[in-house]
Structure formats: C-alpha cells, structure tokens
1. Give the residues of the range 150-198 that are in contact with an Asp or Glu (Cβ under 7 Å, 6 or more places away or on another chain), among the charged types (D, E, K, R) and surrounded by fewer than 18 Cβ atoms within 10 Å (Cβ to Cβ), sorted by residue number.
2. Which of the residues belonging to the range 199-228 are among the hydrophobic types (A, V, I, L, M, F, W, C) and either surrounded by 14 or more Cβ atoms within 10 Å (Cβ to Cβ) or closer than 29 Å to V265 by Cβ (or both)?
3. Looking at W52, W79, which one is open to solvent by less than 20 Å² (accessible area, probe 1.4 Å) and either within 21 Å of the chain's Cα centre (by Cα) or at pLDDT below 95 (or both)?
4. Identify the single condition in (1) open to solvent by 50 Å² or more (accessible area, probe 1.4 Å); (2) of a type in the set (D, E, K, R); (3) farther than 29 Å from D272 by Cα; (4) assigned to a strand (DSSP E or B) that K234 does not satisfy, given that it satisfies every other one.
5. Residues that are in contact with a Pro (Cβ under 7 Å, 6 or more places away or on another chain), farther than 23 Å from K187 by Cβ and open to solvent by 20 Å² or more (accessible area, probe 1.4 Å): does the range 290-300 have at least one?
6. From the set of residues in the range 302-322 that are of a type in the set (A, V, I, L, M, F, W, C) and either loosely packed, with under 15 Cβ neighbours inside 10 Å or within 20 Å of S239 (Cβ to Cβ) (or both), which is modelled with the lowest pLDDT?
7. Considering only the range 90-106, state which residues are open to solvent by less than 40 Å² (accessible area, probe 1.4 Å) and part of a strand (DSSP E or B).
8. Can you pull out the residues in the range 252-289 that are of a type in the set (A, V, I, L, M), farther than 20 Å from N329 by Cβ and more than 30 Å from the chain's Cα centre (by Cα)?
Amino acid sequence: MVFCHFLPTFVAVKRLLTGDMRKTLLCFIMLTIAGAMAAQDFVGNSDINSHWREVRIPVKNGGQAPGVLALLKAFHQVWPTWTVNEVIKQANKPAPTTFKSGTATIYEDKEDYRILIDKPNGYVDLTSETDIDQMQACVWRKSDGHRIFAISLYDQHDTVPNLLCWFDYNPKTQAMIPESSPLDDFKPACPGAMIQWNLPMKGTNFEIYEYYNMLPNPIIHIYTWDKLSFRNSKTQINSFEYYPSVGSTHHAVLRPGKWTHYALVDLTGEKDPVLVLGKMEDGQMTDYIILASHEGDICQIGEVTSEGNQPKPDIIQGKKLIWHPFEVNEEELP
C-alpha cells in the first residue's frame with residue numbers, strides 16, 4: 001500500500017531522468033518504502049495484549065534447550081516490537097562500542113538507552129531513563145526439560161503501558177504455549193495500587209511490586225522457583241521512618257521483629273489507603289498501629305494495644321482488616 005503512493009510520481013519522473021539517475025531514484029524510493037513498511041510492522045502492547053494468549057508460537061530449530069535469544073526471536077516473528085527488534089539487531093551484529101560486564105554484553109546508545117544481553121543467565125533487556133519503549137525477557141529451565149519464557153514490555157504511550165507475556169516451551173513440539181503467570185493470580189491488598197514486576201537477570205525469583213501513594217517504597221511479593229513452578233514465599237516492606245504522631249518532631253523507624261502482619265484500608269473511598277501494622281501472637285492480633293500520609297509525611301494516627309479496654313483489633317471505623325504476613329527488608333534500614 002505504501003508503494004502505491006510513490007508509483008504515480010515515480011512513473012512521471014523517470015521519463016525525465018537518465019539511466020543512472022533512474023537507478024539512484026529507484027534505490028532511494030525502495031529504501032523509503034522498506035523503512036515505512038518496517039515501521040508499520042511493529043505492534044503495540046494493546047494489540048499484543050488482545051491476542052497473545054491465543055497464539056501458539058513455533059520456535060524454528062528450537063531443539064531441546066533453546067536460549068533466551070532463540071525464544072525471543074520466535075516471539076518477535078509473531079509479535080514484532082521496536083524494542084525487541086533493537087535487541088535482536090544488537091545480538092546479530094554487536095555495535096563497535098559494545099563492552100563486556102561479567103557474563104553480559106552491554107551496548108549504550110547515544111539516544112540514552114542500554115541493551116544488555118546475558119546469554120549464560122538467559123536474560124536480555126532494553127532499558128532507559130527516558131520515555132522510550134523498554135523490555136525485559138528471561139528463561140527459566142524446568143526439571144522436566146521444558147522452559148518458561150517471559151517477556152515484559154513497557155510503552156507509556158500505549159493504553160496498556162505494562163505487559164507481561166508468559167510461555168511454556170515444549171522441546172517435543174518445539175513451540176511456546178501461552179500460560180498463566182504469578183501475576184495473573186495476584187490481587188493487591190487494596191484498590192488503587194500500581195502494580196509492577198521484575199524479571200531476574202540473576203537468580204530465579206520473580207517479584208511483584210505493589211505501590212501506594214503513602215509508602216516511600218513498594219510492598220515486595222517474592223515468588224520462588226522450584227524448577228517446575230513458582231510459589232509466593234514471602235512479602236517484604238522496606239524499612240522507613242515515620243512520625244509517632246501528627247506534629248511530632250522525632251522519627252520512629254519500622255524495624256524487624258516488632259510487627260508481623262500488615263493490612264491496607266481505604267477509609268475515604270479515594271483509593272488512598274492507610275497502612276495498619278499488627279503483631280500476631282497465638283493466632284490473635286494483639287497490637288496494631290495505623291499509619292497515614294499527612295502533609296507529605298507518614299504519621300501514626302491511631303494505636304490499639306492488648307492493654308486496657310480497646311476496640312477489637314480487626315475493626316477500624318467499621319472496616320474489616322485483612323491481614324497479610326510480612327518481613328521488614330533489613331537492607332533498607334536507615
């Protein structure tokens with residue numbers, strides 16, 4: 001269809017040109033057409049999101065143990081994107097400025113993006129601090145000979161800005177079959193959460209991040225790999241400082257050992273929940289504190305202890321608390 005727009009002009013102009021000039025013009029037009037068609041061939045996250053679960057992807061010469069690039073190229077044959085195209089070009093013909101870092105090769109483009117390819121660890125990405133499209137992909141090796149291939153695509157200008165696609169590669173059929181991921185079963189503790197995730201470059205854990213406005217860092221849900229599937233093994237909250245009361249001049253710090261469970265409650269209906277930290281003993285919630293955002297700071301706005309005549313610990317203004325076990329991430333202690 002692109003060629004049809006150029007054809008009348010080309011036919012009219014070529015009569016005025018010499019043979020060599022005609023060849024030059026034809027080469028220029030065909031390069032322009034190829035570029036336009038290539039740009040049109042890329043699909044967006046919303047297009048992929050609508051159909052990827054329905055499509056079986058053959059992997060040419062996949063064999064028994066295809067690497068991350070072989071699976072990525074197969075995905076690209078069906079769902080071509082700009083980011084994956086850039087990664088494949090770099091893999092096929094590394095740029096002169098490519099350098100090694102451990103087991104990975106890294107290329108930093110002058111347009112402020114970076115391509116990392118780590119074939120031994122089964123991981124690739126294209127990342128940037130600008131607003132361009134980005135991607136991650138990795139492979140997990142299963143004990144039954146299959147592979148899990150996951151690809152994460154980011155495009156902030158798409159109606160689906162973040163997309164995770166998840167496949168099982170069967171060496172007998174040499175094809176990738178779409179399947180559900182841990183993200184499909186994940187439910188945030190409260191409406192209004194922003195959900196992100198991370199594919200591992202090293203190690204095998206899959207992590208889901210649950211963001212809320214009042215917390216300085218996300219709640220981290222860690223899924224461990226047992227060589228066949230993932231299980232949600234633990235949840236972490238990074239240590240942070242808060243004021244023990246509104247108007248207080250000194251900080252308290254969330255540290256390991258004090259609290260065992262958390263809950264998030266939307267008291268206002270504006271999807272901006274308060275955080276409740278509780279201590280459970282013998283199956284009973286004995287103490288808890290309520291933390292909320294106040295003028296840009298995290299402040300304690302309520303407390304329930306096991307001493308005295310206190311309200312039931314599972315009710316805040318008629319709201320039932322759903323408790324989740326967690327650990328404090330000690331690496332983030334201030």
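The values are calculated or read from the model by the stated rules, or taken from the named source; none is laboratory data. Quantities reported herein were computed from a predicted structural model and do not represent experimental measurements. Cβ placement follows ideal geometry from the backbone for every residue including glycine, while neighbour counts extend to all protein chains displayed. Note: areas computed on protein heavy atoms with side chains; ligands, DNA, RNA excluded. Shrake-Rupley method; radii C 1.70, N 1.55, O 1.52, S 1.80 Å.
1. D168, E179
2. The first filter runs over the range 199-228 and keeps only residues among the hydrophobic types (A, V, I, L, M, F, W, C), leaving 199, 201, 206, 208, 214-215, 219-220, 222, 225, 228.
L199, M201, F206, I208, M214, L215, I219, I220, I222, W225 - these are the residues of the range 199-228 that are among the hydrophobic types (A, V, I, L, M, F, W, C) and either surrounded by 14 or more Cβ atoms within 10 Å (Cβ to Cβ) or closer than 29 Å to V265 by Cβ (or both).
3. On the way: W79 fails: open to solvent by less than 20 Å² (accessible area, probe 1.4 Å).
Unique residue meeting the criteria: W52.
4. Evaluating K234 over (1) open to solvent by 50 Å² or more (accessible area, probe 1.4 Å); (2) of a type in the set (D, E, K, R); (3) farther than 29 Å from D272 by Cα; (4) assigned to a strand (DSSP E or B) leaves (3) as the failure.
5. Step one: filter the range 290-300 for residues in contact with a Pro (Cβ under 7 Å, 6 or more places away or on another chain), giving 300.
From the residues that got through so far, the ones that are farther than 23 Å from K187 by Cβ too are 300.
So of that shortlist, the ones also open to solvent by 20 Å² or more (accessible area, probe 1.4 Å) come out as 300.
Yes, the range 290-300 contains a residue that is in contact with a Pro (Cβ under 7 Å, 6 or more places away or on another chain), farther than 23 Å from K187 by Cβ and open to solvent by 20 Å² or more (accessible area, probe 1.4 Å).
6. Residues of the range 302-322 that are of a type in the set (A, V, I, L, M, F, W, C), as a first pass: 304, 315-316, 321-322.
In the following step, the residues that additionally are either loosely packed, with under 15 Cβ neighbours inside 10 Å or within 20 Å of S239 (Cβ to Cβ) (or both) were identified as 315, 322.
Details: I315: 53, I322: 90.
Among residues in the range 302-322 that are of a type in the set (A, V, I, L, M, F, W, C) and either loosely packed, with under 15 Cβ neighbours inside 10 Å or within 20 Å of S239 (Cβ to Cβ) (or both), the one modelled with the lowest pLDDT is I315.
7. Passing the criteria: A104, I106.
8. Of the range 252-289, the ones of a type in the set (A, V, I, L, M) are 252-254, 263-265, 267, 274-277, 280, 285, 289.
Add one more test, that the residue is farther than 20 Å from N329 by Cβ, and what stays is 265, 267, 274, 285.
Residue satisfying the conditions is M285 alone.
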